[in-house]
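Trainee: Submitted below is the structure of interest, expressed as structure tokens.
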Amino acid sequence: MAPPPPSPPSVMFRTVLLLLRVLTAAFLVITVALVSTNTVTLDIQGTSIKMHFNDVYAYRYMLAAAVIGLGYAVVQLVFTISQFATGTIHPFNYLFSFYGDKIISYLLATGSAAGFGVSKDLKDTYLALIDFDSTDPVDNFFSKGYASASLLLFAFVSLAVLSVFSSLVLSKRPIQVS
């Protein structure tokens with residue numbers, strides 16, 4: 001006799017998953033907006049220099065990580081809303097959530113670390129070479145970098161919590177040998 005199918009997660013558990021998915025997506029949307037609009041115009045001895053986020057490779061990586069994470073978050077949000085509405089979970093979604101949450105959370109963590117590192121190093125270098133003070137546009141440019149790296153870190157944390165939850169849900173599933 002086959003074991004009975006596992007019961008779907010409780011409504012409270014599904015609500016927490018939904019809220020964490022929405023929170024992750026919100027952090028990533030704000031990160032994408034901040035990074036992609038980050039520009040500064042410097043006036044150095046009469047020469048105007050415009051610096052964009054894409055002039056800094058780590059900011060490009062941070063934006064790519066946030067966009068990929070946002071795509072994943074939207075897909076998982078659709079799955080979670082479907083699961084919440086129907087009360088059933090497709091078996092494929094267990095493994096997709098388990099592995100996807102882990103892979104994307106690592107991507108977000110490395111994007112955040114790259115953003116923090118380059119913001120610190122380049123800000124110190126620019127301020128030492130060009131002799132700006134903290135009210136200048138360079139400081140605002142790198143402060144936006146810090147803010148977007150922080151939001152990416154918050155997205156990582158919420159996705160890491162979701163990863164723990166997906167591990168718990170997967171561990172309660174019976175192993176089916178075919």
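The values are calculated or read from the model by the stated rules, or taken from the named source; none is laboratory data. What you see is a predicted model, and the numbers here were worked out from it, not measured in a lab. Positions of Cβ are generated from backbone atoms using ideal geometry, with glycine treated the same way; all protein chains shown enter the neighbour counts. Ligands, DNA and RNA are excluded from the accessible area calculation, which covers all protein heavy atoms including side chains. Shrake-Rupley method; radii C 1.70, N 1.55, O 1.52, S 1.80 Å.
Trainee: Take the residues in the range 128-175 that are under 27 Å from Leu77 (Cα atoms) and not in a helix (DSSP H, G or I); name whichever of them is modelled with the lowest pLDDT.
Mentor: So, considering only residues that are under 27 Å from Leu77 (Cα atoms) and not in a helix (DSSP H, G or I), the one modelled with the lowest pLDDT is Ile175.
Trainee: Something else: Using the structure shown, decide if Phe116 is at pLDDT 90 or above and among the aromatic types (Phe, Trp, Tyr).
Mentor: Numbers: at pLDDT 90 or above: yes; among the aromatic types (Phe, Trp, Tyr): yes.
Criteria met by Phe116.
Trainee: Is there a residue in the range 81-97 that is open to solvent by 60 Å² or more (accessible area, probe 1.4 Å), of a type in the set (Gly, Ala, Ser), at pLDDT below 85 and part of a helix (DSSP H, G or I)?
Mentor: yes
Trainee: Do we find a residue being open to solvent by 40 Å² or more (accessible area, probe 1.4 Å), touching a residue at least 60 places away in the same chain (Cβ under 8 Å) and touching a strand residue (DSSP E or B) at 6+ places or on another chain (Cβ under 6 Å) anywhere in the range 125-140?
Mentor: Checked against the condition, which is being open to solvent by 40 Å² or more (accessible area, probe 1.4 Å), touching a residue at least 60 places away in the same chain (Cβ under 8 Å) and touching a strand residue (DSSP E or B) at 6+ places or on another chain (Cβ under 6 Å), the range 125-140 yields at least one hit.
Trainee: Still on this structure, please answer the following. Among the residues of the range 56-78, is there at least one that is free of Cβ contacts under 8 Å to residues at least 40 places away in the same chain, among the polar types (S, T, N, Q) and not in a strand (DSSP E or B)?
Mentor: No, the conditions are met nowhere in the range 56-78.
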